[in-house]
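Trainee: So that we are looking at the same thing, I have put the structure below in structure tokens.
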Amino acid sequence: MNAVVPIHALDTGCGDAPVLRERGQREVFCGLTGIIWLHRKIQDAFFLVVGSRTCAHLIQSAAGVMIFAEPRFATAIIDERDLAGLADCNDELDRVVTRLLQRRPDIRLLFLVGSCPSEVIKLDLSRAAQRLSARFNPGVRVLNYSGSGIETTFTQGEDACLASLVPSLPPSAATAPPELMVVGALADVVEDQFARLFGQLGIGPVRFFPPRRATDLPPVGPNTRFLLAQPFLADTALALEARGARRLAAPFPLGVEGTTAWLQAAASAFGVSARTLAEVTAPARERAQAALARQREQLSGKTVFFFPDSQLEIPLARFLSREVGMSLAEVGTPYLHRSHMAAELALLPSGTFLSEGQDVERQLDRCRAAEPDIVICGLGLANPLEAEGLTTKWAIELVFTPIQGYEQAADLAELFARPLVRRARLSPGASRPEVLACS
Ligand code: SF4
């Protein structure tokens, strides 16, 4: 059995490191994008975007058009109207929702998702949600949140969605024993792996939020201890804390080290000994370490540059620097939540260049000057950078792919190795790379 090696900060880490704050032009997707993974997660929910044709195009091209399945998202297109036309608009929305719910009796939770066109901003969607909820209660709950792209980044869509759901969580009994809640949408396969590990550790009951079915909302109260599975859930965490729940501080479950530390936070809170944690996690840690070793050969010594996009940048940078030996040229993040990121920042190599927000032209200049081996960025920047000869990885892919936990640690590293291998293969006169664990 392998002992769980306590993780140590490198020197002093980046806990107090200076951060370059930029507030210029940004290149990010809007929060509507979250619907793509949320509609797969909550299987009896429907996401009705109230927006423009642009929103409809975005959501349809990003999520793909399902031909054989009934989709669980759609756009109600609001054309340009003055304020006097808003009464009709509300009537129209009610008609659309009524038709939808008659046609789709499987829907238990309907989200009205706001967007940023001015016609939509004028509409009071929270009042519409209350009105429709009262009409369709108890069969269907209608909630609203904003997926607007104004001053947000795409992962905030999930945060806004979950935060809107928190008031609907049932209260837990005042005398209930402590319960663990894992917060943040995870792929079902990852959720099942974590549920098994928590079960073997004797921690339970464990609830996942969001649940797979809207009828299975987890209770919340002062007995709730929650672990964030995603680093972009600031508003959801606040809403849970307002209901009495307590966040367990931990790094995020990326890589072997991050996953162990994340589980360790739960183990400590639920009185599980270090020995039990080591015994339970040993087989998975050993498998993950062996699989990671192959990727490390590809990645060690390579330099990575993160543009701000998914809010996963700091945990990913920690994983890449500590577990596969990459150097960090710059770690950009759209927002830096100091307390949610405290455990991660402490593990980054001291002296890491951190930036928050974006002034895209200046950041592009810094990126070109750094000449990184790989750049993690949004889709809008990837093609131009590839054309300049840089190797890129789309940040959004890291949100769609199961990357959390031990079994996915090597897959996560491979996501960074694959573009490097491809570039090496395509480079004229380049020798063929030796380790090609990826197809
Ligand atoms: S919400 Fe705003 S940014 Fe997003 S697709 Fe619609 S118009 Fe564009």
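The values are calculated or read from the model by the stated rules, or taken from the named source; none is laboratory data. Just so it is clear, the structure is predicted and the values come from calculations on it, not from any experiment. Quick reminder, even Gly has a Cβ in these numbers, built from the backbone with ideal geometry, and neighbours come from all protein chains shown.
Trainee: With the checklist (1) surrounded by fewer than 20 Cβ atoms within 10 Å (Cβ to Cβ); (2) of a type in the set (D, E, K, R); (3) modelled with pLDDT of 95 or more in hand, flag the one item Glu179 doesn't pass.
Mentor: With (1) surrounded by fewer than 20 Cβ atoms within 10 Å (Cβ to Cβ); (2) of a type in the set (D, E, K, R); (3) modelled with pLDDT of 95 or more applied to Glu179, the lone miss is (1).
Trainee: Keeping to the range 40-79, report how many residues are surrounded by fewer than 20 Cβ atoms within 10 Å (Cβ to Cβ), more than 12 Å from the ligand (Cβ to nearest atom), closer than 19 Å to Val96 by Cα and modelled with pLDDT of 80 or more.
Mentor: 3
Trainee: I would also like to ask the following. Looking at this structure, is Thr152 touching a residue at least 24 places away in the same chain (Cβ under 8 Å) and part of a loop (DSSP other than H, G, I, E, B)?
Mentor: Spelling it out, Thr152 is indeed touching a residue at least 24 places away in the same chain (Cβ under 8 Å) and part of a loop (DSSP other than H, G, I, E, B).
Trainee: I'm checking my understanding of the structure. Among residues of the range 12-39 that are outside any helix (DSSP H, G or I) and within 16 Å of the ligand (Cβ to nearest atom), which one is farthest from Ser115 (Cα to Cα)?
Mentor: Looking at the filtered set, the residue picked out is Gln25.
Trainee: OK, next. Can you spot a residue in the range 404-411 that is touching a residue at least 40 places away in the same chain (Cβ under 8 Å), closer than 21 Å to Thr153 by Cβ, out of contact with any strand residue (DSSP E or B) (no Cβ under 8 Å at 6 or more places or on another chain) and of a type in the set (Asp, Glu)?
Mentor: So far as the range 404-411 goes, no, none of its residues is touching a residue at least 40 places away in the same chain (Cβ under 8 Å), closer than 21 Å to Thr153 by Cβ, out of contact with any strand residue (DSSP E or B) (no Cβ under 8 Å at 6 or more places or on another chain) and of a type in the set (Asp, Glu).
Trainee: In this structure, does Asp88 turn out to be without any contact (Cβ under 8 Å) to a residue 40 or more places away in the chain and more than 16 Å from the ligand (Cβ to nearest atom)?
Mentor: Judged against the criteria, Asp88 is a match.
Trainee: Of everything in the range 190-213 that's under 20 Å from Pro170 (Cβ atoms) and at pLDDT 95 or above, which residue is surrounded by the fewest Cβ atoms within 10 Å (Cβ to Cβ)?
Mentor: Ranking the candidates gives Arg213 first.
Trainee: Further question on the same structure: Scan the range 137-151 for residues that are near the ligand (Cβ under 9 Å from one of its atoms) and surrounded by fewer than 22 Cβ atoms within 10 Å (Cβ to Cβ) and jot them down.
Mentor: Listed by number, the list holds a single entry, Ile150.
Trainee: Give me the pairs: first residue in the range 100-118 and more than 20 Å from Ala56 (Cβ to Cβ), second residue assigned to a helix (DSSP H, G or I) and of a type in the set (S, T, N, Q), beta-carbon distance under 6 Å, and six or more apart or on different chains, which are they?
Mentor: Arg108/Thr215
Trainee: Return the residue satisfying two criteria in turn: it lies in the range 101-127 and is within 16 Å of the ligand (Cβ to nearest atom) and of a type in the set (A, V, I, L, M), and of such residues it is surrounded by the fewest Cβ atoms within 10 Å (Cβ to Cβ).
Mentor: Step by step, filter the range 101-127, then rank; the result is Ile121.
Trainee: I'm told Ser355 meets every condition in (1) outside any strand (DSSP E or B); (2) among the hydroxyl-bearing types (Ser, Thr, Tyr); (3) at pLDDT 95 or above except one. Can you identify the failing condition by its number?
Mentor: For Ser355, the exception is condition (1).
Trainee: One residue is enough: does the range 299-321 have a residue meeting the conditions surrounded by 23 or more Cβ atoms within 10 Å (Cβ to Cβ), under 30 Å from Asp159 (Cα atoms), free of Cβ contacts under 8 Å to residues at least 60 places away in the same chain and in contact with a strand residue (DSSP E or B) (Cβ under 6 Å, 6 or more places away or on another chain)?
Mentor: Yes, because at least one residue in the range 299-321 is surrounded by 23 or more Cβ atoms within 10 Å (Cβ to Cβ), under 30 Å from Asp159 (Cα atoms), free of Cβ contacts under 8 Å to residues at least 60 places away in the same chain and in contact with a strand residue (DSSP E or B) (Cβ under 6 Å, 6 or more places away or on another chain).
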